[in-house]
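No lab work stands behind these numbers, since they all come straight from the coordinates. Everything numeric here is computed off the predicted structure, so don't read it as measured data. For neighbour counting, all protein chains shown are included, and Cβ atoms are generated from backbone atoms with ideal geometry for every residue, glycine included.
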Amino acid sequence: NGVLLTRCSRVKVYDNDMSWLSGWGLALYRSSKNVVAHCSFDFCIRGYSHGVYARGQDSAGILFFEQCCDNVFAFNSATHGGDGFFGFAGLEALEERGDVAGLGCNRNLLYGNDFSYAAAIGIEMTFSFDNRFAANRLVGSNYGVWGGYSQRTQVLGNEIAENAIAGVAIEHGGGWRIASNEFTRNARAIELWWNENKEFAAKPCGRLNPGESRDYEVDGNRFDGDTLQIELRGP
């Protein structure tokens, strides 16, 4: 790994090259209000053999785990990783029995980064709230953006191209705005869906943060050569 930040705040990470690693270029755990800019986290990947096997095994250029909030990531390169950016709300948000309403990796800004050519996903952010992904490059992965169970996220002005499964895929999400993006030659440009998950719905996280697929705003996007522009599945 490159740099690991645990319970850190107001750290500035500038102008570093943390590439060609088998784990994570940069990993944050319970770390908030940090700024990361003009760094390279390229080729941070494991479990990959070109043309044979490409999983990534949760390696990533940048990892967010467990309530990392109010961070800014700008003008970084995290290409050819397992994921470019891998964000997950964490085990406390999913497994605690108390008040977990709105608990997650929240209010982060990803601006002007290149998260292309990941084995899995350019930007993954799950079980989180109020994040913004703007002016990023998301080309040539399985998914450009994966937003399972996340809410009130903005995807604005990104280049999203040539993703093998979908440009933006949101499972059990709600309140997203997807606007002014350039979608080019994706298998699906935008994929939104819901299916019944009784086990999750019975947990406090599921009861307090219901994953109804609703209240999306999709406007001002440009579609060029996508096999399917918008796919909606489930109730």
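Note on residue 203: aspartates and glutamates with a C-alpha under 13 Å away, same-chain residues under 8 apart excluded, are 92, 95, 96, 99. Computed from the Cβ-Cβ distance with R0 of 22 Å, the FRET efficiency linking residue 4 to residue 91 stands at 0.80.
Of the labelled options (1) 0.95; (2) 1.00; (3) 1.19, which one gives Cα Rg over 2.2 N^0.38 Å as computed for this structure? Derived directly from the coordinates: (1). Ranked by the mean number of other Cβ atoms within 10 Å of their residues, highest first, the peptides 185-198, 45-58, 159-172 fall in the order 159-172, 185-198, 45-58.
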